[in-house]
Structure formats: C-alpha cells, structure tokens
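Here's the structure we're looking at; comments come further down.
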Amino acid sequence: MTKFRTLDDLGDIVGKVALVRVDLNLPMHDGAVTDDTRVRAAAPTINELTAKGAKVLLLAHFGRPKGERVSTQSLSMVIDAVQDVIGKEVMFCPEIAGPIVAQTVGILGNGDVALLENTRFWKGEEANDPELAKAIAANGDFYVNDAFSAAHRAHATTEGLAKVLPAYAGRSMQAELEALEKALGNPERLVAAVVGGAKVSSKLDVLMHLVTQVDHLIIGGGMANTFLAASDVDVGKSLCEHDLKDTALEILSAADKVGCTVHLPYDVVVSKEFAANPPSLRTCAVHEVAADEMILDIGPQATEALADVLKTCKTLVWNGPLGAFETPPFDTATVALAKVAAALTAEGSLVSVAGGGDTVAALNVAGVADDFSYISTAGGAFLEWMEGKELPGVAALQVV
Ligand code: ADP
Ligand code: MG
C-alpha cells in the first residue's frame with residue numbers, strides 16, 4: 001500500500017499557512033455554479049484545517065486558460081459556491097504567488113480561508129515549473145492535496161508543491177486512495193470487474209490491465225459488440241469497432257493465460273432504431289441478431305448469470321454502463337446488476353467501487369449511488385488508475 005501522510009499526522013497548526021489543492025473546476029451555466037459536488041468533497045478538509053486554526057489558501061484550476069489571464073475563467077466566479085458550502089467568508093486573491101499573496105496571508109486570521117486565482121493562468125502550472133512551485137510554497141508552511149481528480153497530471157500545484165513542502169493527503173484524497181486500494185491494490189478475492197461503455201478503443205489499457213488483476217472480467221455495453229464480432233458473432237448494425245477484432249482476441253487470450261474468466265453476454269436486447277421504447281424492440285440470443293438490428297443492452301439471462309457471478313465475489317470494480325442507459329429500456333441490465341451489487345454491499349459481502357462520468361450517472365439512474373462502497377467522480381484519474389498507471393499527484397505524496 002502506498003504510504004502517505006494524512007491530516008492525522010499534522011501537529012499543532014495554529015497560525016500556520018496551509019496550501020490546499022482542491023478541485024473547483026465546477027460546471028457553470030450563465031455565470032452560476034450548477035453543481036457544487038466538488039466543493040462539498042473538499043469541505044471536510046477545509047473545515048478540519050480551519051477548525052485547527054490554520055490559515056487556508058485554496059489552490060485550484062478552472063477550465064483551460066492555457067497560461068494566460070482569461071477574465072471569464074477567473075476562480076472568483078466560484079467564490080459564492082465555496083462560501084455557501086463551507087459556511088464562512090472566503091477572501092479572494094488574484095495571484096497564486098508573490099507579495100499580494102503574502103499580503104493576503106497577513107490579513108487572514110487563524111481559521112480564515114482565501115481562494116487564490118486559477119492556477120492555470122500561469123504557464124508554470126501545467127509545465128510543472130519548479131520555480132513556480134517554489135514561489136507558491138514561499139507563502140505556505142505545508143501542502144495538502146485533496147484533488148484526486150487532478151492527480152493524473154504532474155502540474156506545479158498537483159505534484160511540484162509536494163516536493164518543496166511537507167505534503168499531506170486531504171480527507172477526500174485519503175478516502176479515494178483507501179477505496180481504490182481496497183478494490184484493486186490489495187483486494188479480497190474473488191474480484192470482478194465490470195467494464196462497459198461505448199468503445200473498446202477508449203478503454204484498451206483498462207482491459208489489458210484488469211485481465212491481470214481480476215478473476216472475472218464482465219464486458220458489456222458497446223464494447224461487448226466488438227468482442228462478440230471478434231468471436232465471429234454477426235452483430236448487425238450495432239456500434240462495433242470491427243478494426244479492433246485482433247486486439248479483442250489478444251485480450252481474450254491474455255485473460256485465458258492468467259485464468260481470468262471473461263464474461264460476454266449470450267442474450268441481448270436489440271432494435272432496428274435507436275429510440276426510446278422502439279416498436280422493433282426484442283430480446284434474442286447473440287447469434288440471432290438480424291443484419292438491420294443493433295444491440296443496445298445485454299439480455300435478462302446474461303444479467304442473471306452476472307448476478308450469480310457477483311454473489312461469488314468479495315470485490316467489484318465497475319466502469320461503464322452495460323447498455324445505452326440514457327434511452328429506456330436500455331438501462332435495464334445496468335440498473336438490475338447495479339441493484340444486485342448494492343444489495344450485496346449492504347449485506348457486507350461485497351466491496352463495490354465504481355467510477356466514470358457516465359457510470360456515475362447510470363448508478364444515479366438506478367438509485368444506488370449511495371449504496372456502493374465508494375463512487376469515484378474523478379473521471380480521467382479514475383481511468384488511469386484502472387489502467388494500473390502511477391498517478392504523479394499520488395506518487396508525490398508517498399512517504400518513503
Ligand atoms: P464512462 O463515462 O462511465 O467511462 P463511457 O463514456 O465509456 O462510460 O460509455 C458510456 C456510453 O456508452 C453511454 O453514453 C452509453 O449510451 C454508451 N453505450 C453503452 N452500451 C451501448 C451500446 N450497446 N450501444 C451504443 N452505445 C452504448
Ligand atoms: Mg463517458
């Protein structure tokens with residue numbers, strides 16, 4: 001297990017300045033924040049530090065200003081959302097380093113919070129310029145990284161700062177790392193992975209890595225079609241990457257070699273048109289798909305068989321919906337299997353970890369997002385972790 005310091009390892013921090021990297025890349029519409037989930041994720045760390053008397057300087061990026069000051073991407077736009085969630089006034093500082101930040105620190109009382117400007121206004125952020133990291137560090141006493149979602153980037157405020165200041169994982173980062181460790185780092189066996197979604201090409205590295213890590217690899221969604229086609233099943237008009245046939249066969253043979261059982265659906269839900277509750281909707285065996293039909297979900301028999309597989313497992317990691325869940329009834333298999341996973345988790349027999357933008361949306365549709373052991377909202381960082389890659393922001397927190 002990666003060893004890292006947490007807020008538990010902080011001594012007396014009264015009057016000390018904490019540089020805290022958080023994720024405030026919030027969705028906005030007409031100048032207003034539409035979803036404050038990321039602020040709520042950062043709140044426990046901010047509140048714990050202020051309660052202990054630290055002066056908190058928040059660091060975050062917002063959008064892609066590419067190293068220039070872009071007024072429409074100033075972090076000042078999210079300050080109300082931050083104040084609302086943490087329930088206290090937040091000062092805004094239009095710099096991230098230098099004398100203006102020092103002045104801000106001088107004004108802050110113990111337990112006060114300031115939000116610094118969008119880190120990506122400075123070219124050195126994405127370039128991971130050590131000089132920028134040093135300049136930022138000059139105004140702080142220690143560094144806390146609470147932005148797992150940005151940890152797959154080696155930037156000055158996600159990686160560089162950890163090299164020049166004592167570095168700690170914030171509470172969200174800690175929870176994420178502990179959940180991921182339980183799911184794939186050092187999991188209880190048997191381990192199942194569900195990989196679904198649209199395309200094999202977007203998740204090749206995920207599949208290749210999982211084969212070596214899990215006992216059961218469950219493939220659903222559009223990517224199952226590519227695997228079926230590779231096994232000489234006629235998938236009709238289905239979304240399918242025919243040019244990846246060889247790659248799919250390689251994954252199947254790699255799985256075979258290490259004793260990982262790959263589960264492909266044997267019945268599917270098909271339709272001639274991609275629409276809600278279409279008249280041509282039917283369920284059939286995979287080898288009965290007509291040339292003018294497309295596979296839009298896995299079938300009820302396959303779903304039941306997968307539920308039986310999950311019942312034999314202790315750990316589940318899930319990325320990607322099993323069908324085109326946005327359009328009913330093609331959410332049926334995803335919802336059904338998610339409910340089984342949620343029930344097994346509630347019974348205490350399964351540790352269930354899920355992540356991915358559409359996966360989180362699908363689990364919300366199923367109404368089970370709160371019943372999984374852990375749901376990662378980290379997107380890119382979650383996928384890179386599923387690919388078995390070392391995340392620079394996490395590696396930099398490591399205590400050797
Ligand atoms: P995530 O964002 O969780 O990583 P993806 O982006 O890889 O997931 O995939 C989600 C998308 O895959 C959804 O938009 C869903 O409609 C689509 N999808 C799943 N199964 C099918 C299918 N059989 N045919 C077409 N699209 C599908
Ligand atoms: Mg997606």
In region 315-352, how many residues are under 17 Å from LEU383 (Cα atoms) and either away from ligand 2 (no atom under 16 Å from the Cβ) or among the polar types (S, T, N, Q) (or both)?
4
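Quick one: is GLY388 within 26 Å of ARG189 (Cα to Cα), exposed (fewer than 15 other Cβ atoms within 10 Å of the Cβ) and touching a helix residue (DSSP H, G or I) at 6+ places or on another chain (Cβ under 6 Å)?
On the way: within 26 Å of ARG189 (Cα to Cα): yes; exposed (fewer than 15 other Cβ atoms within 10 Å of the Cβ): yes; touching a helix residue (DSSP H, G or I) at 6+ places or on another chain (Cβ under 6 Å): yes.
So GLY388 passes the test.
Per-residue answers, yes or no, for (1) more than 12 Å from ligand 1 (Cβ to nearest atom); (2) in contact (Cβ under 8 Å) with a residue 60 or more places away in the chain:
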residue	(1), (2)
GLU293	no, no
ALA307	yes, no
LEU322	no, yes
LEU344	yes, no
ASP371	yes, no
LYS389	yes, yes
VAL399	yes, yes
Of all residues in region 276-323 being farther than 25 Å from LEU207 by Cα and hydroxyl-bearing (Ser, Thr, Tyr), which is farthest from the chain's Cα centre (by Cα)?
SER280
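Going through region 285-313 one residue at a time, which ones are among the hydrophobic types (A, V, I, L, M, F, W, C), out of contact with any strand residue (DSSP E or B) (no Cβ under 7 Å at 6 or more places or on another chain) and either crowded, with 22+ Cβ neighbours inside 10 Å or farther than 12 Å from SER238 by Cα (or both)?
At the first step, the residues of region 285-313 found to be among the hydrophobic types (A, V, I, L, M, F, W, C) are 285-286, 289-291, 294-296, 298, 302, 305-307, 309-310, 313.
If we keep only those that are out of contact with any strand residue (DSSP E or B) (no Cβ under 7 Å at 6 or more places or on another chain) too, we end up with 290-291, 305, 307.
Scanning region 285-313 gives ALA305, ALA307.
Considering only strands (runs of 3 or more DSSP E) fully contained in region 196-277, which possess at least 3 residues that are of a type outside the set (Ser, Thr, Tyr)? Spell out the reasoning first.
Numbers: elements: 216-219, 261-263, 267-271.
Output list reads 216-219, 267-271.
Pick from GLY355, GLY380: which is surrounded by fewer than 20 Cβ atoms within 10 Å (Cβ to Cβ), within 14 Å of ligand 2 (Cβ to nearest atom) and of a type outside the set (Lys, Arg)? Working first, answer last.
Values: GLY355 fails: surrounded by fewer than 20 Cβ atoms within 10 Å (Cβ to Cβ).
Residue meeting the stated conditions: GLY380.
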As an exercise: evaluate ARG64 against (1) of a type in the set (D, E, K, R); (2) loosely packed, with under 15 Cβ neighbours inside 10 Å; (3) over 27 Å from the mean Cα position of the chain (by Cα) and give the number of the one condition it does not meet.
(3)
Subset of region 160-209 that is among the acidic types (Asp, Glu), more than 16 Å from ligand 1 (Cβ to nearest atom) and under 19 Å from the mean Cα position of the chain (by Cα) - its residue that is farthest from VAL351 (Cα to Cα)
GLU176
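The numbers here are math on the coordinates, done by the rules we state, and not lab data. In this text, all values refer to a predicted model and were calculated from it rather than measured experimentally. So basically every Cβ, Gly included, is an ideal-geometry build from the backbone, and we count neighbours across all protein chains shown.
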